[in-house]
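A short reminder: the numbers here are calculations on the coordinates, not readings from a lab. None of the values given here were measured: they were computed from a predicted structure. Using ideal geometry, Cβ is built from the backbone for each residue, glycine included, and neighbour counts are taken over all protein chains shown.
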Amino acid sequence: MPAATLTISSKNYSSWSLRGWLLCAMAGLDVEERMLSVDDPSARAELLLLSPSFLVPCLTHDDVKVWDTLAIAAYLDEIRPKAGLLPKEAKARAHCRAICGEMHSGFANLRSALPMNLKAHYPGFKVWAGAQADIDRVTEIWRDCIETYGGPYLFGPSMTMADAMYAPVCLRFLTYDVALDPVSRAYCETIATWPALKDWIRAAHDEPEEMEELDAEF
């Protein structure tokens, strides 16, 4: 029986649930999943982008309860320091925290224009100007990290919490057929081969449709 429980919402639509789940997988923490019903107010608010603060995912481990994605990442790094959620060098760790924080608090236009929907694919999707500025900033971050640390992941040959934080963005870009530079395209394709991510996507495709609001054609 796992000593930890991770409360999540829809695997198809919830990018924050995916981030928390990937972080637990990276840390090697065996978790029992608890799925919130889409009728739960906090889950519904998150999925419809109506909540300024998200209560999912929520990690319960022994007598500790952590519900913010960055807080979950920090907690997992503390209890599983050998998992490599942060880079080894202090300068790289600071850089990693900074871009994770930027993902956590920013890119509102990208989120609203390209909502996560793993079952969908929109070839030739037209991105509006406000979202394009967010896309440009994300790819600037990726190119800078890969040039600085050598790739194929954001901080070198091993995954860090930054890759978990940006993995849902990779999936969004693939879903909406976003035009990307070669470095950013290669990074998205590398992340898409992550076995844990493939497991999540398979589960998302098996998930029943329950929220008609999120099935509109974009």
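For an R0 of 22 angstrom, estimate the FRET efficiency from the Cβ-Cβ distance between Trp128 and Glu209 and round to the nearest 0.05. Step by step, r from the Cβ atoms, then E = 0.25.
Unpaired cysteine residues in the chain (no second Cys Cβ under 4.7 Å): Cys24, Cys58, Cys96, Cys100, Cys145. Which of [x] 42, 37, 30; [y] 45, 39, 34; [z] 45, 44, 29 is the computed Cα extents along the principal axes in Å for the structure on display? The value matching this structure is [z]. Working note: 222 nm ellipticity from helices only, DSSP H runs with n ≥ 4, each -39,500 (n - 2.57), summed and divided by the residues of the chain, gives -16000 deg cm²/dmol to the nearest 500. Close amide H partners of Glu89, meaning residues 5 or more places away or on another chain with modelled amide H under 5 Å apart, do not exist here.
Classify segment 73-116: rounded, prolate or oblate, from the alpha-carbon gyration tensor (a ≥ b ≥ c, eigenvalue square roots; a/c under 1.5 rounded; otherwise prolate if a/b is larger than b/c)? It is prolate, given that a/c is not under 1.5 and a/b is the larger ratio. For segment 65-98, trypsin sites (Lys or Arg not before Pro) are listed when DSSP marks them as loop and at most 12 other Cβ atoms sit within 10 Å of their Cβ; the list is Lys88.
Remark on Glu33: its backbone amide H falls under 5 Å from those of Leu6, a criterion applied only to residues 5 or more positions apart or on other chains, H modelled at 1.01 Å from N. Of the chymotrypsin sites (Phe, Trp or Tyr not before Pro) found in segment 1-37, no site is in coil according to DSSP while having at most 14 other Cβ atoms within 10 Å of its Cβ. Computing FRET efficiency as 1/(1 + (r/R0)^6) for Ala94 and Thr190, where r is the C-beta to C-beta distance and R0 is 25 Å, gives about 0.55.
Give me the percent relative contact order of the chain, please, defined on Cα pairs under 8 angstrom at least 6 residues apart.
Values: 290 pairs, mean separation 50.4, N = 218.
Normalised by residue count, the contact order of the chain is 23 percent.
DSSP beta bridges in the chain, what fraction antiparallel, as a percent rounded to 5? Counting only bridges with both partners in the chain, antiparallel ones make up about 60 percent. Taking θ as phi - 60° and the Karplus parameters 6.51, -1.76 and 1.60, the scalar couplings of segment 29-34 work out to 8, 6, 10, 8, 7, 10 Hz in sequence order, x denoting glycine and proline. For Gly156, the residues 5 or more places off, or on other chains, whose built amide H falls under 5 Å of its own are Gly151.
Couplings for segment 112-122, taken from phi via the Karplus curve 6.51 cos²θ - 1.76 cosθ + 1.60 with θ = phi - 60°, read 6, 7, 10, x, 5, 8, 6, 7, 9, 8, 10 Hz in order; Gly and Pro are left as x. When each of Ser17, Ser105, Ser112, Ser9 is scored by the number of other beta-carbon atoms lying within 10 Å, the sequence from fewest to most is Ser105, Ser112, Ser9, Ser17.
Ordering Pro195, Val183, Ile135 by Cα displacement along the dipole of segment 90-199 toward the positive end leaves Pro195 in first place; charges were set at the Cβ atoms of Lys, Arg (+1) and Asp, Glu (-1). Taken one residue at a time, the phi angles of segment 143-152 give Karplus couplings (6.51, -1.76, 1.60, θ = phi - 60°) of 5, 4, 5, 5, 5, 6, 10, x, x, x Hz. Gly and Pro are set to x.
Once you have the Cα-Cα distance between Glu102 and Val183, take 0.36 nm times their residue separation minus that, and quote the gain in nm to one decimal.
Details: separation 81, 0.36 × 81 = 29.16 nm, distance 2.02 nm.
In short, 27.1 nm is gained.
Per-residue packing, averaged as other Cβ atoms within 10 Å, sorts the ranges 126-137, 164-175, 68-79, 185-196 into the order 164-175, 68-79, 185-196, 126-137, beginning with the highest.
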